[in-house]
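Bear in mind that the values in this text are calculations on the coordinates, not laboratory data. Keep in mind that what you see is a predicted model, and the values were worked out from it rather than measured. Neighbour counts are summed over all protein chains in view; Cβ atoms, including those assigned to glycine, are modelled from backbone coordinates with ideal geometry.
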Amino acid sequence: MARDSFVFYRSFFEAIKRMPPEVQTEVYPAIVEYALDGKEPKGLSDIAQGVFILVKPNIDASITRYENGKKCAQFGKLGGRPKKGKTASSAKAKSEVPAPPSDYTLTLQQEIDQMKADRTWNEPVCMQFHLDADELAKRLDAFHNHCKCENDGKSHSDINDAKRHFCSWMRKAYAPVEHDSDAELPPPSYEFNGGFGGQDI
């Protein structure tokens, strides 16, 4: 089914503009044709196919949300189902931690991969924490394990939330150890070695 528009996120643009020009010329038409006409791309290079695979879930989620919105609008015009009163289960659901917005579909692993690929973000992070690219990649893997242990592997509300969480975690997990300069000095000696400038008799 043909569509007139679709959502294109800044994160797509930031990732794609880092690719070689020949890859960009493959990726942009592939994304547009898929989003507007539902046409699956064929014959993409490995890099272009990798980018498309990362972008596709977001496009699919946007399309699903749009289609569901249309159905809800039509259902509402027909009167729809009467609203139910509040139940204990609905109150419990509200008290639980809210899930990420429905238009954000990246998994935790995809967030880590996207952060590794985002050179615009990588460079200032490496400068701030005095890292090289390899060390940053290792710490992103460690952050991935931390999130799996602490948050049951749940993704963040968006990619910027994931980046902020990573920087916050870095400050805590790799905080510099402060040494007390006084502790390095030998303890004072209170041993009595004689009288006031003279010798004991």
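Taking label positions 7 Å along the Cα-Cβ direction at both Cys126 and Ala173, the computed distance is 1.9 nm, reported to one decimal.
Using Cβ point charges alone (K and R +1, D and E -1), the dipole size of region 100-155 about the Cα centre works out to roughly 80 debye. Near Trp121, once Lys and Arg are set to +1 and Asp and Glu to -1 for all other residues with Cβ below 14 Å from its Cβ, the sum equals +1.
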